[in-house]
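The values are calculated or read from the model by the stated rules, or taken from the named source; none is laboratory data. Being a predicted model, the structure only gives us computed values, none of them experimental. Counting neighbours? That spans all protein chains shown, and the Cβs are built from the backbone with ideal geometry, glycine included. Ligands, DNA and RNA are stripped out before the accessible areas are found, and what is left, the full protein with its side chains, is counted by its heavy atoms. Shrake-Rupley method; radii C 1.70, N 1.55, O 1.52, S 1.80 Å.
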Amino acid sequence: MDKLVIEGGLPLEGEVPVSGAKNAALALMAATLIAGGKHRLDHVPRLRDIRTMELLLEHMGAVCHHNDHLVIDTGNIHCLEAPYDLVKTMRASVMVLGPMVARFRRARVSLPGGCAIGARPINLHLKGLEQLGVGIELDHGYVVAKADRLRGAVIPFDQVTVTGTENLMMAATLAEGVTVLRNAAREPEVVALAEYLRRMGAQIRGEGTSEIVIEGVKELVPASFRVIPDRIEAGTYLVAAGITGGNLKVTGCRPEHLDAVMGKLELAGMTFQVSGDSIQATGTGQIRSINLKTWPFPGFPTDMQAQFMALMCLGNGVSLITEQIFENRFMHVLELKRLGADIELDGRSAVVKGVRGLSGAPVMATDLRASASLVLAGLAAEGITEVNRIYHLDRGYEAIEKKLSAVGARIWRERGV
Ligand code: EPZ
């Protein structure tokens with residue numbers, strides 16, 4: 001298994017380009033199943049998860065060509081099954097459920113099972129589909145979905161779910177009548193999906209608010225779309241400037257997607273200059289310890305919690321970080337402590353006492369954002385940090401060592417055995 005080797009202690013200076021958003025691209029790729037034919041997606045990042053979704057779509061009969069853009073031809077879907085061996089490596093595979101039910105009225109999708117950061121059930125996805133008239137059965141670890149017809153319904157989500165909102169929005173596009181999603185996710189990736197579905201002929205309004213209304217139509221047609229920039233990748237590089245006391249211009253991003261992140265980082269002592277699609281981020285050397293609670297968009301994103309914690313390890317006091325979305329998203333804590341961090345866990349909260357400095361050591365990546373947190377800590381730590389099992393990182397960060405090396409980091413990949 002590959003590892004990243006980092007020699008820390010150097011302030012980063014320069015420009016970092018942001019890639020297309022993984023979580024937006026995955027939803028858009030699933031949506032191509034709703035309309036048979038050639039779809040074109042631009043600015044799709046080259047990531048493991050994207051390749052996994054391509055493999056899943058190809059397993060179902062789609063044809064994918066990923067050159068400088070991604071063309072997906074879903075004109076000949078002959079298999080309506082998402083098999084366990086693919087779903088277990090990427091939970092986002094469950095997003096093919098809504099599109100398949102919409103177009104084919106049938107689907108057989110492996111239950112995703114748990115993951116490092118929590119149980120992550122899909123009960124809200126299934127409950128919503130049943131409200132649309134879909135019969136749901138569980139059979140040997142698979143969800144078997146069947147419907148004679150889909151009828152619009154009012155679907156109140158017990159809690160905000162990003163892919164749940166996306167799955168139901170896609171399923172509702174071809175249902176008879178009107179569907180209302182209440183307590184819907186407001187994430188930018190949901191908004192992007194709604195815009196793409198509208199280009200395909202869907203009747204959708206209210207995306208970006210907690211109530212989305214979908215008026216079913218007879219069919220959708222293939223369309224093209226440019227994937228929005230990855231706000232979590234961008235936020236990760238903002239923290240890289242703060243934790244190294246450097247100065248980075250993060251380019252090709254959507255600053256309005258990072259209001260909550262920049263707000264908290266400003267309180268932590270960073271300064272920002274926003275200009276168009278770029279953010280100039282400056283670490284002032286003095287990191288202030290502040291408290292944090294994660295929350296659905298427009299709140300502070302859970303996908304930035306681990307990265308923020310790495311910064312707080314070097315704060316000037318005590319920071320209370322509360323993870324309110326997932327029940328086990330502190331896998332990075334034990335590894336940060338190996339680098340000299342002072343963190344105590346208390347249920348859903350972590351108490352981070354700032355230390356004067358971190359010292360490099362071998363650490364283990366456990367999930368995508370925990371890996372990013374360890375890279376950030378390694379960039380600040382004195383000496384050499386080795387981040388092992390970086391296949392987690394490769395799921396969500398395109399060419400991270402190239403982007404960091406280009407702004408002065410001493411970081412390189414060592415091929416594992
Ligand atoms: C999406 O996951 C993202 N993944 C996650 O990003 C992100 O952390 C998460 O949203 C929260 O923002 C993709 O978009 C592919 P949820 P998702 O449904 O949709 C509970 C990353 O790092 N829940 O919004 O799976 C659930 O257990 C990944 O890129 C139910 O109980 O998350 C969690 O506690 C990690 N039942 C909470 O809701 C359900 O049916 C929010 O989960 C659905 C969700």
With +1 on the Cβ of every Lys and Arg and -1 on the Cβ of every Asp and Glu, and nothing else charged, how large is the dipole of the chain about its Cα centre, in debye rounded to the nearest 20? 220
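In nm, what is the difference between 0.36 nm times the number of residues separating residue 414 and residue 154 and their Cα-Cα distance?
So the chain would gain 88.4 nm between residue 414 and residue 154.
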Please go through segment 310-415 and write out the GluC sites (Glu not before Pro) that DSSP classes as loop and that have at most 11 other C-beta atoms within 10 Å. none
Virtual spin-label span in nm between residue 259 and residue 40, 7 Å along Cα→Cβ: 3.4
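Dividing the Cα convex hull volume of segment 175-230 by residue count, how many Å³ per residue is that?
Working: hull volume 3.6 nm³, N = 56.
Given the Cα convex hull of segment 175-230, per-residue volume reads 64 Å³.
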Tell me, how many Å apart are the Cα centres for segment 188-216 and for segment 104-144? 22
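If you put +1 on each Lys and Arg Cβ and -1 on each Asp and Glu Cβ, how big is the dipole of segment 22-226 around its Cα centre, in Debye rounded to 20?
On the way: 24 positive and 22 negative charges, 14 e Å.
Dipole magnitude for segment 22-226 comes out near 60 debye.
May I ask which of 88/264; 264/337; 38/218; 88/353 have a Cα-Cα span longer than 29 Å here? Let's see the in-between values first.
Details: 88/264 34 Å; 264/337 23 Å; 38/218 19 Å; 88/353 36 Å.
Violating the 29 Å Cα-Cα cut-off are 88/264; 88/353.
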In degrees from 0 to 90, rounded to the nearest 10, what is the angle of the helix 22-31 Cα long axis to the longest principal axis of the chain? 10
Not counting ligands, DNA or RNA, and with a 1.4 Å probe, what is residue 210's accessible surface area in Å² rounded to the nearest 10? 60
Rounded to the nearest 0.05, what FRET efficiency do residue 221 and residue 345 give with R0 = 35 Å and r taken as the Cβ-Cβ distance? Could you check? 0.10
Quotient of Cα radius of gyration and Kirkwood radius for segment 300-366, i.e. Rg/Rh, equals 0.93
May I ask you to list the residues of segment 366-408 whose amide nitrogen lies under 14 Å from a point 7 Å from Cα along the Cα→beta-carbon direction of residue 66? 394-399
Neighbour-limited loop hits for trypsin sites (Lys or Arg not before Pro), segment 171-255 (at most 16 other Cβ within 10 Å; DSSP other than H, G, I, E, B): 218
Largest-first principal axis extents, alpha carbons of the chain, Å: 64, 45, 40
